[in-house]
Amino acid sequence: MSAVLGSARGAVLSHRSAAAAWDLRQWPAGPVEVTVPRLGARSRPGVVVHGTRHLDQDELTVRDGIPCTTVARTLVDLAAVALPREMKRALEQSLVLHLYDGSAMEAVLSRSNGRRGVKVLRRLLTDLHEPAPTNRELERRLLDLIRDANLPLPAVNAHIGEHQVDFHWPEHRLVVETDGHTYHSNPIALARDRRRDLDLELSGWHVLRLGWRQVVHEPGRVKSLLAVRLTAR
């Protein structure tokens, strides 16, 4: 890798390659991508060289001994070459790994107006920063949906064996868990809840997880899903 970077003066690992170095995606099968602080730089076999007028010092760092772009600059660069769904996964991974820095991202974006992919990235960030209801608020809203759909009322915050669950319908062997922002941003809680879900599934319960976006923004789909589960025999 050092030889690759040394082949282009001032080069730093960037784009898909930097995203892989930060563990935001898998290493690409194709050539290594680097960025150099000048236009007109030529790519060569095994190396894609991106030239740029703007490569500020606060957008550069070292990762595992390799000069590369910061996470914020990497995400902006990645948005120019990745599909929206790939970009969304990389952004979510930066949150899970606690690598995302909102201030650094805004600083890079302020210098990136007009770049390809910036609109998509800003839209993803808008969704990310939309205020999320608390778990208690989610539970209240879900109960309102259940009542509005005239569905059987569940047991709330009760235990199944050693596990406390948000909602469950014993007759239908159905468990529903409401996942707020903490669930998505805490990898320890995520791993714990997956183990609990597996325990419940192995005990004959079906577990549904509903995020605040589904409950708040897609109530019709949630009602339909629960109606199917609660009328199936």
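The values are calculated or read from the model by the stated rules, or taken from the named source; none is laboratory data. For clarity, every value in this text was computed on a predicted model and none was experimentally measured. Neighbour counts run over all protein chains shown; Cβ positions are idealised from the backbone, glycine included.
A few notes on this one:
- Here Leu39 meets the list (1) assigned to a loop (DSSP other than H, G, I, E, B); (2) without any contact (Cβ under 8 Å) to a residue 40 or more places away in the chain; (3) surrounded by 18 or more Cβ atoms within 10 Å (Cβ to Cβ) almost entirely, failing just condition (3).
- Annotation: of all residues in region 51-64 being touching a residue at least 40 places away in the same chain (Cβ under 8 Å) and under 20 Å from Leu97 (Cα atoms), the one that is surrounded by the fewest Cβ atoms within 10 Å (Cβ to Cβ) is Asp64.
- Test: residue in region 17-24 that is of a type in the set (Phe, Trp, Tyr), touching a Leu at 6+ places or on another chain (Cβ under 7 Å) and either on the phi < 0 side of the Ramachandran plot or in a loop (DSSP other than H, G, I, E, B) (or both): yes
- The one condition in (1) surrounded by 14 or more Cβ atoms within 10 Å (Cβ to Cβ); (2) of a type in the set (A, V, I, L, M, F, W, C); (3) outside any strand (DSSP E or B) that Val48 fails to fulfil: (3)
- In region 217-230, the residues that are surrounded by fewer than 16 Cβ atoms within 10 Å (Cβ to Cβ) and either over 21 Å from Pro170 (Cβ atoms) or in contact with an Asp or Glu (Cβ under 6 Å, 6 or more places away or on another chain) (or both): His217, Glu218, Gly220, Arg221, Ser224
- Of Asp127, Asp144, all but one fail to be modelled with pLDDT of 90 or more, among the acidic types (Asp, Glu) and either under 14 Å from the mean Cα position of the chain (by Cα) or part of a helix (DSSP H, G or I) (or both); the exception is Asp144.
- The set of residues in region 101-119 that are within 15 Å of Leu78 (Cα to Cα) and at pLDDT 90 or above comprises Met105, Val108, Leu109, Arg116, Gly117, Val118, Lys119.
- Pairs, first outside the structural domain of Ala72 (by TED's automatic domain parsing) and free of Cβ contacts under 8 Å to residues at least 60 places away in the same chain in region 99-121, second in a helix (DSSP H, G or I) and exposed (fewer than 14 other Cβ atoms within 10 Å of the Cβ), C-beta under 7 Å, six or more apart: none
- Within region 187-204, considering residues that are in contact with a helix residue (DSSP H, G or I) (Cβ under 9 Å, 6 or more places away or on another chain) and over 22 Å from Arg140 (Cβ atoms), the one modelled with the highest pLDDT: Leu190
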